[in-house]
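To keep things clear, I will list the structure first and then write my remarks on it.
The values are calculated or read from the model by the stated rules, or taken from the named source; none is laboratory data. Being a predicted model, the structure only gives us computed values, none of them experimental. Quick reminder, even Gly has a Cβ in these numbers, built from the backbone with ideal geometry, and neighbours come from all protein chains shown.
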Amino acid sequence: MKKLLGILVLGLLLIYFVALVPNNAEAKLDWSKCDQDEDYKPLYCYGNDGKLLSKNERKIIDKEKKEVGLYKDKEGKAISYNGAHELPENARPNDATISLFEERKKEFIKKRRRQNRLYTIAPKGNAAKFTYEKNLPSLKLEKHLSEGFILSYLFYDNGVIKYDGIAADGRFKKKITNKTLFYTHSTGKSITSYIVGHAICDGFISSIDEIIDWPLMKNTLYQGQPLRNLLNMNAGDKHTVNKRANRVMGNKDHHRDMGLETIANLLDGTKAKGNEVFYNNVLTDIIANYIVFKAGDKYDELMKKVFQDKVKIEHEVAYEKHKKFRQYIASYSYFMTRLDFLRVAEAIMIDYQDRTCVGNYLRESQQQAKNWYKYRPFKDNAHWFLHNYAKKYGSQFYFDFYKMKKRNIIATEGYNGQNMLIDLDNSRIVITNSAATGWDVRTYMLNVIRKGELPK
């Protein structure tokens with residue numbers, strides 16, 4: 001009986017881990033590896049706080065993944081994932097599933113527009129132009145864009161786009177174009193920080209050391225802290241959010257569906273505990289709304305200055321407002337086109353290189369960056385997250401990358417592969433927009449930046 005039970009358990013784990021392994025290779029999730037030497041601990045061993053999961057937490061994850069059914073459908077049918085709004089991060093979707101979720105994204109944006117829950121910045125008609133060369137040869141990229149998870153790939157080298165790749169025609173119900181809107185997800189955290197830099201340079205915020213004095217947060221742990229702590233995510237707020245970092249004080253609702261007033265009430269009476277870096281989503285929305293508070297009636301002007309005059313967007317850029325909002329409207333959840341991603345990255349690079357006021361903010365962010373607790377450059381992690389290859393985190397950006405220790409590299413990363421990797425020394429940029437993780441960030445991003453060459 002015990003033997004039969006053991007076989008059953010192993011079988012369930014095998015089904016689960018199909019989703020976690022690149023190219024849909026079969027393997028079992030072996031939790032015992034989590035207790036081995038530090039160098040051999042796989043990514044799945046850790047929670048959002050960077051600490052090993054407990055045995056109970058491992059059981060919960062096994063149950064959740066089994067219920068959701070994370071696997072790649074070999075028959076080519078779309079998987080609904082129980083009506084989820086976005087693909088789970090562990091999903092390995094087929095083309096039909098990607099098509100389904102691209103349609104859901106479009107409907108979501110339309111819904112938020114109808115609800116007046118989109119803050120929009122219109123283009124000015126002065127879009128930054130790019131110089132193009134014939135795509136560099138890369139059989140790997142061509143193959144990936146024909147069947148992989150990356151939907152858009154841009155390689156920019158010293159002012160020239162040397163590879164402009166979009167998922168192959170005919171793969172999806174509607175093809176990916178230069179007008180397709182992508183979520184920024186947490187890349188929007190870095191964009192929010194970039195806006196903080198502009199707010200400082202325009203005199204709305206004194207510096208990254210400005211002490212938070214904000215009536216909304218008067219009785220919370222954030223009041224009286226330097227802005228620097230919030231930007232670096234070491235504000236001592238680990239105890240106020242759940243492990244997925246998007247629920248506040250045990251509340252069942254997503255933080256963006258509550259409004260900041262509700263969040264402030266939930267945080268009433270809280271005190272900071274420690275100063276370790278703890279990555280969480282709620283905090284960046286608080287920073288975004290701090291900009292609103294400090295800029296006052298000049299907020300719209302500030303946003304237009306960033307996106308219209310500095311970035312020079314070609315298409316409308318928007319973010320999702322909080323559900324219950326008054327003057328507190330901002331979030332980091334942007335919608336942007338692939339080339340506007342590149343325009344943001346190019347603007348960041350030029351500011352840094354030209355040592356503008358905002359560029360000095362970026363340099364200061366780099367200099368005061370904290371050790372990043374999720375630095376785990378293991379071979380197996382190549383098919384997961386760019387952030388596992390960064391040693392430092394500062395002001396919502398990643399710095400100091402694996403095998404590029406003495407290079408000035410800055411990066412952003414968003415859920416399911418909405419990434420920017422910028423070589424500030426050599427003027428190289430790689431932009432990826434992806435439907436899922438499961439592709440090799442070493443091959444398609446890090447090595448490209450390090451060598452200046454595409455994978456053959």
Within the range 185-200, is even one residue surrounded by fewer than 22 Cβ atoms within 10 Å (Cβ to Cβ), touching a residue at least 40 places away in the same chain (Cβ under 8 Å) and more than 24 Å from the chain's Cα centre (by Cα)?
-> no
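Let me confirm something: among F182, F155, which residue is under 19 Å from Y415 (Cα atoms) and assigned to a strand (DSSP E or B)?
Numbers: F155 fails: under 19 Å from Y415 (Cα atoms).
Going through F182, F155 in turn, the sole match is F182.
Might you let me know whether the range 373-386 holds any residue that is free of Cβ contacts under 8 Å to residues at least 40 places away in the same chain, of a type in the set (F, W, Y), part of a loop (DSSP other than H, G, I, E, B) and surrounded by fewer than 24 Cβ atoms within 10 Å (Cβ to Cβ)? So that I can check it myself, show each step before the final result.
Step one: of the range 373-386, the residues free of Cβ contacts under 8 Å to residues at least 40 places away in the same chain are 375, 377, 379.
Retained after the next criterion (residues that are of a type in the set (F, W, Y)): 375.
Now restrict to residues that are part of a loop (DSSP other than H, G, I, E, B): 375.
Remaining after also requiring surrounded by fewer than 24 Cβ atoms within 10 Å (Cβ to Cβ): 375.
Yes, because at least one residue in the range 373-386 is free of Cβ contacts under 8 Å to residues at least 40 places away in the same chain, of a type in the set (F, W, Y), part of a loop (DSSP other than H, G, I, E, B) and surrounded by fewer than 24 Cβ atoms within 10 Å (Cβ to Cβ).
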Hey, among the residues in the range 58-110 that are more than 18 Å from F149 (Cα to Cα), surrounded by fewer than 18 Cβ atoms within 10 Å (Cβ to Cβ) and among the basic types (K, R), which one's modelled with the lowest pLDDT?
-> K66
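Is there a residue in the range 316-326 that is of a type in the set (D, E), in a loop (DSSP other than H, G, I, E, B) and surrounded by fewer than 20 Cβ atoms within 10 Å (Cβ to Cβ)? Step through it out loud before you land on a result.
Initially, the range 316-326 is screened for residues of a type in the set (D, E), giving 316, 320.
The next check asks that each one be in a loop (DSSP other than H, G, I, E, B); those that pass are 316.
Those still in the list that are surrounded by fewer than 20 Cβ atoms within 10 Å (Cβ to Cβ) too: 316.
Yes, the range 316-326 has at least one match.
Take the residues in the range 398-410 that are hydrophobic (A, V, I, L, M, F, W, C) and over 11 Å from W372 (Cβ atoms); name whichever of them is nearest to the chain's Cα centre (by Cα). Walk me through how you get there before you give the answer.
Residues of the range 398-410 hydrophobic (A, V, I, L, M, F, W, C): 399, 401, 404, 409-410.
Retained after the next criterion (residues that are over 11 Å from W372 (Cβ atoms)): 404, 409-410.
Values: M404: 22, I409: 17, I410: 14 Å.
By that ranking, first place goes to I410.
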Does the range 141-148 include one or more residues that are in a helix (DSSP H, G or I), loosely packed, with under 13 Cβ neighbours inside 10 Å and hydroxyl-bearing (S, T, Y)?
-> yes
Check the range 269-285 and report whether any residue there is among the aromatic types (F, W, Y) and under 30 Å from N126 (Cα atoms).
-> no
Can you give me the number of residues within the range 416-438 that are of a type outside the set (S, T, N, Q), surrounded by fewer than 23 Cβ atoms within 10 Å (Cβ to Cβ) and over 10 Å from Y156 (Cβ atoms)?
-> 2
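Among the residues of the range 111-140, how many are part of a loop (DSSP other than H, G, I, E, B) and modelled with pLDDT of 95 or more?
Going residue by residue through the range 111-140, those that are part of a loop (DSSP other than H, G, I, E, B) are 115-117, 122-130, 133-138.
Restricting the remaining residues to those that are modelled with pLDDT of 95 or more gives 122-130, 133-138.
Of the residues in that region, 15 qualify.
Which residues, counting only those in the range 347-372, are among the hydroxyl-bearing types (S, T, Y) and outside any helix (DSSP H, G or I)? Show your work before the answer.
The first filter runs over the range 347-372 and keeps only residues among the hydroxyl-bearing types (S, T, Y), leaving 352, 356, 361, 365.
Listed by number, the list holds a single entry, T356.
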Could you say whether any residue in the range 254-275 is within 26 Å of K391 (Cβ to Cβ), in a loop (DSSP other than H, G, I, E, B) and of a type in the set (D, E)?
-> no
Tabulated pairs, the range 76-97, first of a type in the set (K, R), second at pLDDT below 85 and assigned to a loop (DSSP other than H, G, I, E, B), C-beta under 6 angstrom, 6+ apart or interchain | R92/A19; R92/K72
